[in-house]
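These notes concern the structure reproduced below.
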Amino acid sequence: MSAVPETADVVVVGGGIVGCAIARALAGTNLSVTLLEARADIGDGTSKANTAILHTGFDATPETLESRLVARGYELLGEYATQTGIPVERTGALLVAWTDEEVDALPGLKDKAERNGYHACEIVDSAEVYRRVPNLGPGVLAGLTVPDESIICTWTTNLALATDAVARGTRLLCDTRVTGVVVGAKHTTLHTTRGDVHCRWVINAAGLGSDYLDAEFGNHRFTVTPRRGELLVFDKLTRPMVPVIVLAVPSSRGKGVLVSPTIYGNVMVGPTSENLEDRTATGTSEEGFDFLVSKGRALMPSLFDDEVTATYAGLRAATEHSDYLIDVDATSRYVLVGSIRSTGLTSGMAIAEYVTELFDSADVDVTPRADLPAPPTMPNLGEHVGLRPYQDARRIAGDAEYGRIVCFCERVTAGEIRDAFASPVPPCDLDGLRRRTRVMNGRCQGFYCGAHTRALLDAQSGRQ
Ligand SMILES: Cc1cc2nc3c(=O)[nH]c(=O)nc-3n(C[C@H](O)[C@H](O)[C@H](O)COP(=O)(O)OP(=O)(O)OC[C@H]3O[C@@H](n4cnc5c(N)ncnc54)[C@H](O)[C@@H]3O)c2cc1C
């Protein structure tokens, strides 16, 4: 890329859920928006590897910005999911108390939920807990229900927001890492790995890299500590054992390990919580595996008679601040969106709404455009949410490619892979194709379909 000639009104740095949500929101006004992502694809950072729970915010710290934006994000993303086809399952959650101390904590947690504006929690006895989740191990004393916690597809969320942002006119530049910033009187120049980019405003949604970018604006107000969360994924046969999200009672040591159904029809156990220094350490570890096996076995021993088919890890962008750090510097025309640790999937759209309000207060014109395109219709990656193409006889009759299975574990068809390549934000590698279709995401992890999928990707790359 040679130097980009136009000056955008706004450059958003970071193509995770938060950056894509902000780009989409601002592209819904008359502002011109450019979205810069260091990696080859959007959604390839923390947003691709989390526990994928659409949080009500019942357990947030009351009266924080995070609690407000999580509750608002729950509403906004829930509505957006209905409009776009992002799969969501309204499973509900159950906090389980195993000790007297945890039983004593339940009324306080119910009260906290109410202070967060969430009034549907109920304390239940052990018989009711076992009625709801019969496979829990022995020793449950009581529980707290959270009927509105839900599971969602984090990959489709990120992709829908990016697709929508692009449809609204956002210029998306991947493989473009910001390496330096020069703030001028009227314009800012961003030095990137693919040339200079000019703009009026910069929004820093760079997640694990947000403190480095903040320092380019002369600030030294926080340091990101990557906090690794490892997870185990169980085979689909286990899914009936976990009808709701099973949560631990939080303690001073954190939220604890959960057992949850996934939107792809599996069960997962995790996450761990470990502060690291390496911001790229997304590999899993033997210690993490052993920890989750011992914790998980106590929660649900019979689950561990079945097979773990995959493990993965994500890095929370933790900082020394306990709340979100969202701040406007009107002099430098700069917005920091930092410290979005463990709730940004849920809150992303509310953060975008909040940033739009902050722009309004800084006298930037954010009047909504009248000519917005319809939101995108996303392919359904949910296992128990509507029909998938291989199940849809009418669709297959109209296009035989939807009846030609490429990935047998996840039942992904050639038609879906073709559609992903033809989409407005296409994949550029196998992992990106996996996030758009579920290909190679099953129990064989690509052992059978990997070569065929690679050939499809290579053929597509040859055509471009
Ligand atoms: C284990 C775990 C479990 C979680 N569970 C949940 C959950 O159940 N529910 C929930 O709501 N949230 C959850 N989260 C939190 C959620 O995943 C994050 O808050 C959210 O994904 C953060 O999105 P983001 O856009 O800020 O960051 P990211 O997705 O990391 O995006 C930031 C992007 O910025 C890019 N970037 C960085 N530096 C630069 C630069 N200099 N130039 C250009 N680009 C740059 C990166 O490449 C990256 O793609 C969890 C997180 C983890 C790790």
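Structure values in brief
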{"quantity": "Residue selected from the range 211-234 under the condition more than 9 Å from the ligand (Cβ to nearest atom) and under 19 Å from GLY184 (Cα atoms), by the criterion least open to solvent (accessible area, probe 1.4 Å)", "calculated": "ASP214"}
{"quantity": "Contacts under 7 angstrom Cβ, first residue in the range 184-196 being under 12 Å from LEU36 (Cα atoms) and within 10 Å of the ligand (Cβ to nearest atom), partner in a loop (DSSP other than H, G, I, E, B) and open to solvent by 20 Å² or more (accessible area, probe 1.4 Å), 6 or more apart", "calculated": "THR192/ARG177; THR193/ARG177"}
{"quantity": "Test set (1) in a loop (DSSP other than H, G, I, E, B); (2) farther than 20 Å from THR7 by Cα; (3) modelled with pLDDT of 95 or more - ASP175 fails condition number", "calculated": "(2)"}
{"quantity": "Enumeration of residues in the range 154-170 that are of a type outside the set (A, V, I, L, M) and within 14 Å of the ligand (Cβ to nearest atom)", "calculated": "THR154, TRP155, THR156, THR157, ASN158"}
{"quantity": "Residue that is nearest to ALA310 (Cα to Cα), among those in the range 19-56 that are surrounded by fewer than 24 Cβ atoms within 10 Å (Cβ to Cβ), more than 9 Å from the ligand (Cβ to nearest atom) and not polar (S, T, N, Q)", "calculated": "ALA40"}
{"quantity": "Single condition ARG395 does not satisfy, out of (1) in contact (Cβ under 8 Å) with a residue 60 or more places away in the chain; (2) over 26 Å from ILE151 (Cα atoms); (3) part of a helix (DSSP H, G or I)", "calculated": "(1)"}
{"quantity": "Check on VAL166, in contact with a His (Cβ under 8 Å, 6 or more places away or on another chain) and touching a residue at least 40 places away in the same chain (Cβ under 8 Å)", "calculated": "no"}
{"quantity": "Of all residues in the range 262-315 being among the small types (Gly, Ala, Ser) and under 19 Å from VAL249 (Cβ atoms), the one that is farthest from the ligand (Cβ to nearest atom)", "calculated": "ALA298"}
{"quantity": "Qualifying positions in the range 344-357 - away from the ligand (no atom under 16 Å from the Cβ) and either closer than 18 Å to ASP164 by Cα or buried (at least 18 other Cβ atoms within 10 Å of the Cβ) (or both)", "calculated": "THR356"}
{"quantity": "For GLY92: the one exception among (1) more than 15 Å from the ligand (Cβ to nearest atom); (2) over 26 Å from ASP214 (Cβ atoms)", "calculated": "(1)"}
{"quantity": "Residue match in the range 245-252 (condition: within 13 Å of the ligand (Cβ to nearest atom), open to solvent by less than 20 Å² (accessible area, probe 1.4 Å), of a type in the set (A, V, I, L, M) and not assigned by TED's automatic domain parsing to the domain that holds THR61)", "calculated": "yes"}
{"quantity": "Search result, residues across the range 329-341 that are within 7 Å of the ligand (Cβ to nearest atom) and surrounded by fewer than 22 Cβ atoms within 10 Å (Cβ to Cβ)", "calculated": "ARG341"}
{"quantity": "Filtered residues of the range 193-210 (kept if over 19 Å from CYS20 (Cα atoms) and open to solvent by less than 30 Å² (accessible area, probe 1.4 Å))", "calculated": "GLY195"}
{"quantity": "Residue check for THR280: under 27 Å from PHE447 (Cβ atoms), open to solvent by 30 Å² or more (accessible area, probe 1.4 Å) and assigned to a strand (DSSP E or B)", "calculated": "no"}
{"quantity": "Filter result (small (Gly, Ala, Ser) and either modelled with pLDDT under 95 or touching a Cys at 6+ places or on another chain (Cβ under 7 Å) (or both)) within the range 86-136", "calculated": "ALA113"}
{"quantity": "In the range 80-126, the residues that are in a strand (DSSP E or B), open to solvent by less than 70 Å² (accessible area, probe 1.4 Å) and closer than 15 Å to ASP148 by Cβ", "calculated": "VAL88, GLU89, ALA93, LEU94, LEU95"}
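Conditions tested, residue by residue: (1) at pLDDT below 95; (2) under 26 Å from ALA451 (Cβ atoms); (3) of a type outside the set (A, V, I, L, M, F, W, C).
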site: PRO373; (1), (2), (3): no, no, yes
site: ILE396; (1), (2), (3): no, yes, no
site: ALA400; (1), (2), (3): no, yes, no
site: GLY403; (1), (2), (3): no, yes, yes
site: VAL406; (1), (2), (3): no, yes, no
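The values are calculated or read from the model by the stated rules, or taken from the named source; none is laboratory data. Since we're looking at a predicted model, the values are computed, not measured. Neighbour counts are summed over all protein chains in view; Cβ atoms, including those assigned to glycine, are modelled from backbone coordinates with ideal geometry. Note: areas computed on protein heavy atoms with side chains; ligands, DNA, RNA excluded. Shrake-Rupley method; radii C 1.70, N 1.55, O 1.52, S 1.80 Å.
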